[in-house]
């Protein structure tokens, strides 16, 4: 996750005081464990076009029991995992969700809930508020019918917006979550305005990643120009809020080139702060898959992050999470934890690899079959990363080819469901 607001607040402080904030002290021994995104249930009442879990509205056999979840939580706490993000599918469909959330709060975790919001009416909002979630993220991919098409449910937008309002009335911190493709890239300005109008505390911008239905629909990834325009709008919006002292937060995910693009944005506007910002960005280090971000799926299988469901690191039914996460005998895990990562292609030649960490490895793997190839989702051009496209031996970029299978054609034809 790239925390835009954090860096722009530092920039606002530098502009106001004439001094850039110091780098935070490096953490010593006994580092905390990763943020764990936990897909407690795969069932969902929606069948969204970009769902990495390929969820549908039916039961999935073999999911972890309540007691198994509690046992894993004990191990996570002992391993110093600081954050649990409870997700799905649609987590509100899991009958013991609030028992799990209550126990997580008592144990001292920061607890987030990731939901599509369509099930949150007033009574459900009361239950969510009583559970004391630190944060609830609600997915919105556009306004009105645009969102409904993505979610394949007529009226989904109205239900999700009502959820935002129900939760705010009860004092719950709410954020909007948006995944951009070329089908909804034009919705970003309206969604940012909606964030302000509704008083949402956070906006999470997700670049499309190639997993689940997101991989099937990767041919509809937003073109690089549209991505850059979106980042400009996000940076400009976050900068105005930073100057005004607003607590609103803007973050992005699934494309760590955003850090490099922010450096360019600052170079054009505030060149004297480029070097201290570069130091902060390098301390961040970019992609955290397999390092500071982990995933446990509904069956208890551990993955480097939520986009790696096709790669198992082991099951919590067979080994504790702490043992699985510390084990580097798996080549992918060893490579993700290596610093710097042994990336190839233009990523290996990029002068900013210390900032992005080689970006998102799952896109490289899904398109080329090689997890260490260049990330085809990097939207920076050769000049911006220090390459001369005319130099001898220069090669063409990896192209994002559409996913092809008989199944993908059938999924594309699923109609919008009328409520």
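The values are calculated or read from the model by the stated rules, or taken from the named source; none is laboratory data. Predicted model only: the values in this text are computed from it and were never measured. For neighbour counting, all protein chains shown are included, and Cβ atoms are generated from backbone atoms with ideal geometry for every residue, glycine included.
The strands (runs of 3 or more DSSP E) located wholly in region 95-180 that include 1 or more residues which are closer than 19 Å to residue 81 by Cβ occupy 110-115, 135-139. In the set (1) assigned to a loop (DSSP other than H, G, I, E, B); (2) buried (at least 18 other Cβ atoms within 10 Å of the Cβ), residue 295 fails one condition alone, (1).
Yes/no per residue for (1) at pLDDT below 95; (2) buried (at least 21 other Cβ atoms within 10 Å of the Cβ):
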{"site": "26", "(1), (2)": "yes, no"}
{"site": "31", "(1), (2)": "yes, no"}
{"site": "44", "(1), (2)": "yes, yes"}
{"site": "48", "(1), (2)": "yes, yes"}
{"site": "99", "(1), (2)": "no, no"}
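Taking region 317-333 as the range and being within 20 Å of residue 81 (Cα to Cα) and surrounded by fewer than 20 Cβ atoms within 10 Å (Cβ to Cβ) as the test, the residues that pass are 317, 318, 319, 320, 322, 323, 326, 327, 328. Checking each residue in region 222-244 for being outside any helix (DSSP H, G or I) and within 16 Å of residue 206 (Cβ to Cβ) picks out only 222. Residues that are in contact (Cβ under 8 Å) with a residue 60 or more places away in the chain and under 21 Å from the mean Cα position of the chain (by Cα) within region 155-182 comprise 175, 177, 179, 181, listed in sequence order. With the condition kept exactly as written, say whether any residue in region 191-199 is buried (at least 19 other Cβ atoms within 10 Å of the Cβ), at pLDDT 95 or above, in contact with a helix residue (DSSP H, G or I) (Cβ under 6 Å, 6 or more places away or on another chain) and farther than 28 Å from residue 362 by Cβ. For region 191-199, residues buried (at least 19 other Cβ atoms within 10 Å of the Cβ), at pLDDT 95 or above, in contact with a helix residue (DSSP H, G or I) (Cβ under 6 Å, 6 or more places away or on another chain) and farther than 28 Å from residue 362 by Cβ: absent. Out of curiosity, is residue 319 assigned to a helix (DSSP H, G or I) and either at pLDDT below 95 or over 22 Å from the mean Cα position of the chain (by Cα) (or both)? Spelling it out, it is not the case that residue 319 is assigned to a helix (DSSP H, G or I) and either at pLDDT below 95 or over 22 Å from the mean Cα position of the chain (by Cα) (or both).
Among the residues making up region 54-83, those that are buried (at least 16 other Cβ atoms within 10 Å of the Cβ), under 19 Å from residue 132 (Cα atoms) and touching a strand residue (DSSP E or B) at 6+ places or on another chain (Cβ under 7 Å) are 81, 83. Residues that are over 21 Å from residue 202 (Cα atoms) and surrounded by 21 or more Cβ atoms within 10 Å (Cβ to Cβ) within region 102-137 comprise just one, 104.
Listed residues 86, 92; which is at pLDDT 95 or above, in a strand (DSSP E or B) and buried (at least 19 other Cβ atoms within 10 Å of the Cβ)? First the steps, then the outcome.
Numbers: 92 fails: in a strand (DSSP E or B).
After applying the criteria, what remains is 86.
Return the only residue of 360, 368, 323 being touching a helix residue (DSSP H, G or I) at 6+ places or on another chain (Cβ under 9 Å), at negative phi and without any contact (Cβ under 8 Å) to a residue 12 or more places away in the chain.
Details: 360 fails: without any contact (Cβ under 8 Å) to a residue 12 or more places away in the chain; 368 fails: without any contact (Cβ under 8 Å) to a residue 12 or more places away in the chain.
323 is the lone residue from the list that is touching a helix residue (DSSP H, G or I) at 6+ places or on another chain (Cβ under 9 Å), at negative phi and without any contact (Cβ under 8 Å) to a residue 12 or more places away in the chain.
For the condition modelled with pLDDT under 95 and touching a helix residue (DSSP H, G or I) at 6+ places or on another chain (Cβ under 9 Å), residue 171 does not qualify.
The sole residue among 370, 388 that is assigned to a loop (DSSP other than H, G, I, E, B), over 21 Å from residue 306 (Cα atoms) and at pLDDT 55 or above is 388. For region 99-113, filtering for residues that are over 19 Å from residue 293 (Cβ atoms), touching a residue at least 24 places away in the same chain (Cβ under 8 Å) and out of contact with any helix residue (DSSP H, G or I) (no Cβ under 6 Å at 6 or more places or on another chain) leaves 6. Only one of the listed residues (63, 59) is at pLDDT 95 or above and not in a helix (DSSP H, G or I). That residue is 63.
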